[in-house]
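The values are calculated or read from the model by the stated rules, or taken from the named source; none is laboratory data. Because the structure is predicted, anything quoted here is derived from the model rather than measured. Every residue, glycine as well, gets a Cβ built from its backbone with ideal geometry; the counts of neighbours run over all protein chains shown.
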Amino acid sequence: MDIIQSIQKLQESKVYLDWKSQNPLSYLVHVFIEKENHYQIGYYNPTIDKLTIFELNNKITISDSLEIYK
């Protein structure tokens, strides 16, 4: 799976769609490839000034919103 495919897989998932419905202004800010088929995809929410990270491995998990270091 490449970066584009991983983002598409995430954005089609129920986890992402449920989260996005409550965070409509959030936007993609990073994609890290930790190892083959293990991605971290981060979205920034300017309304609350926090970052949410999704991990794609064999399943999709979501982190709690994290504060941004400035």
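Any residue in the stretch 36-51 that's over 20 Å from LYS9 (Cα atoms): show its pairings with residues that are loosely packed, with under 14 Cβ neighbours inside 10 Å and at pLDDT 95 or above at Cβ separation under 7 Å, as long as the two are six or more apart or on different chains.
Between residues of the stretch 36-51 that are over 20 Å from LYS9 (Cα atoms) and residues that are loosely packed, with under 14 Cβ neighbours inside 10 Å and at pLDDT 95 or above, the close pairs are ASN45/LEU25; PRO46/LEU25; THR47/LEU25.
Go through the stretch 21-38 and give me each residue that's touching a helix residue (DSSP H, G or I) at 6+ places or on another chain (Cβ under 6 Å) and at pLDDT below 95.
Scanning the stretch 21-38 gives no hits.
How many residues are of a type in the set (Val, Ile, Thr) and either under 20 Å from SER6 (Cα atoms) or modelled with pLDDT of 95 or more (or both) when one looks only at the stretch 39-70?
Summing the residues that are of a type in the set (Val, Ile, Thr) and either under 20 Å from SER6 (Cα atoms) or modelled with pLDDT of 95 or more (or both) in the stretch 39-70 gives 6.
Got a sec? Which strands (runs of 3 or more DSSP E) wholly within the chain have at least 1 residues that are loosely packed, with under 14 Cβ neighbours inside 10 Å and polar (S, T, N, Q)?
Hits in the chain: 60-62.
So if I check each of ASP2, ASP18, which one is charged (D, E, K, R) and either modelled with pLDDT under 95 or in contact with a Cys (Cβ under 7 Å, 6 or more places away or on another chain) (or both)?
Among ASP2, ASP18, only ASP2 is charged (D, E, K, R) and either modelled with pLDDT under 95 or in contact with a Cys (Cβ under 7 Å, 6 or more places away or on another chain) (or both).
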